[in-house]
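This report concerns only the one structure given below.
Just so it is clear, none of the values below were taken in a lab; they were calculated from the coordinates. Predicted model, so just to flag it, every value in this text is computed and none were measured. Because the Cβ atoms are built from the backbone with ideal geometry, glycine has one as well, and the counts that use them run over all protein chains shown.
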Amino acid sequence: MAEEIFKNDIVAGDHISYMKFALSLASKSPPKPTNYRVGAVVVNAATNEILATGYTLELPGNTHAEECCLEKISERHGVPTSRLDEVLPEETILYTTVEPCSQRLSGNLPCVDRLLAIGNRIKTVYVGVYEPEKFVSGNSSKQKLENAGIEFIHVAGLEKEILEVATAGHEKST
Ligand code: HJL
Ligand code: ZN
């Protein structure tokens, strides 16, 4: 079922509140030892409407939070993800608890490449934490996004909570 665009109570520009909302989505993700549990929110910057929400493994398959958001928007508009630039507002914002992946152990297409493929609609990516070095090292998303003219902003203050949720399905090291 297509998810509708919805208004929300978060004030435009309240990045911490949007990040907390993304974190609440992340906590819905089923724990898995080989990934992070991440939440993401796509917002129309001009209207403050939430265009999509997503969390890791929400959609069928080995899906990432950001990927789920993009898939939902595609589905709602009946266009392939390769044509998201046609349906996204000019000023689109992405909030994600963990920075978009630039490499995946599964070999699936990394989210940063999905974002870059959209073109110049996504203007800013807000991240709650940088990707820890556990599965892949040297995440290059910040550099890649900035090279493409997309602002990359770390929203500080929720790191502990975000990492706790992200790694809840991992084996505890002693
Ligand atoms: C982000 C997610 C998610 C990760 N990162 N930004 N959103 N799961 O929804 C990054 C981590 C990969 C592993 C395993 N996690 O998930 O590097 O199996 O989960 O493709 O590299 O790759 P797969
Ligand atoms: Zn990803």
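Numbers for the structure displayed
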read-out: Peptide ranges 58-67, 91-100 listed from the most packed, as the mean C-beta count within 10 angstrom indicates; value: 91-100, 58-67
read-out: FRET efficiency, residue 120 to residue 153 (Cβ-Cβ, R0 25 Å, nearest 0.05); value: 0.90
read-out: Anisotropy class of the chain from Cα gyration tensor, a/c 1.5 cut; value: rounded
read-out: At q = 0.18 Å⁻¹, base-10 log of I(q)/I(0) for segment 20-121 (Debye sum, equal scatterers on each alpha carbon); value: -0.80
read-out: Theoretical ellipticity at 222 nm over the chain - DSSP helices of four or more residues, -39500 (n - 2.57) apiece, nearest 500; value: -8000 deg cm²/dmol
read-out: Cα gyration tensor shape of segment 67-165, rounded if a/c is under 1.5, else prolate or oblate by comparing a/b with b/c; value: prolate
read-out: When each of 28/134; 72/160; 20/142 is checked by Cα-Cα distance, pairs over 27 Å; value: 72/160
